[in-house]
Each structure stands twice: as C-alpha cells, then as structure tokens.
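What follows is a set of notes on a single structure, which appears directly below.
The values are calculated or read from the model by the stated rules, or taken from the named source; none is laboratory data. Every value quoted in this text rests on a predicted model; they were computed, and no experiment measured them. Backbone-built Cβ (ideal geometry, glycine too); neighbour counts: all protein chains shown.
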Amino acid sequence: MHFTSGYKSCAELLNAGFTEDGFYQIWSNQAEVIDVYCDQSSWGGGNRNGTAKKIKLTIIVIIIIIIIIIIIIIIIIIIIIILIIK
C-alpha cells in the first residue's frame, strides 16, 4: 500500500511521479480516503482498477467484429461472382 495524500486519481499520482503499479490511497468524490489499485504502466498509466485491461478487451472485440464483417463481405462477393458466371 502506498500512502499518499491530496490526490484524487491515479492519473494525478502518475503525474506526481508515482509510477509503480499497486494500491494507493486517493480522495473520493465524497471527501474520504479510499484504497484503489492503480495501473501506472499499461496504456500510458494512470488507470484505476483495471481500466486498461477493459480498453484492450474492447479493442480486441472490435477487431474481431471487423474481421468477421470482412469475411462476410468476401463470401457475398464470391457468391455474386459464381451467380454471374452461371
């Protein structure tokens, strides 16, 4: 646990030089100190509670969907060509 004071986010901690992944204490919106896990190394750092992992997963899903759409378009084009040739 990294004991810090006065910071409201993992990004603020990163900007202040706290570059190590781990648990930190930050101020919540309710003006109380809470313990959070800060991912300070993935995707530029400053991410709280695995946000970077969610972003990576979302990008992977989008790429898979695009690949599936491209495959469907190729299949449709092949079917159209076969129908034209007959």
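Taking the numbered list (1) surrounded by 10 or more Cβ atoms within 10 Å (Cβ to Cβ); (2) modelled with pLDDT under 95; (3) not charged (D, E, K, R) in turn, Ile67 passes all entries but (2). For first residues located in region 19-41 and surrounded by 12 or more Cβ atoms within 10 Å (Cβ to Cβ) and part of a loop (DSSP other than H, G, I, E, B), partners that are charged (D, E, K, R) and at pLDDT 85 or above and lie 6+ apart or on another chain with Cβ distances below 8 Å form the pairs Gln40/Glu20; Gln40/Asp21; Ser41/Asp21.
Restricting attention to region 6-18, the residues being surrounded by 15 or more Cβ atoms within 10 Å (Cβ to Cβ) and within 12 Å of Gln40 (Cβ to Cβ) number 7.
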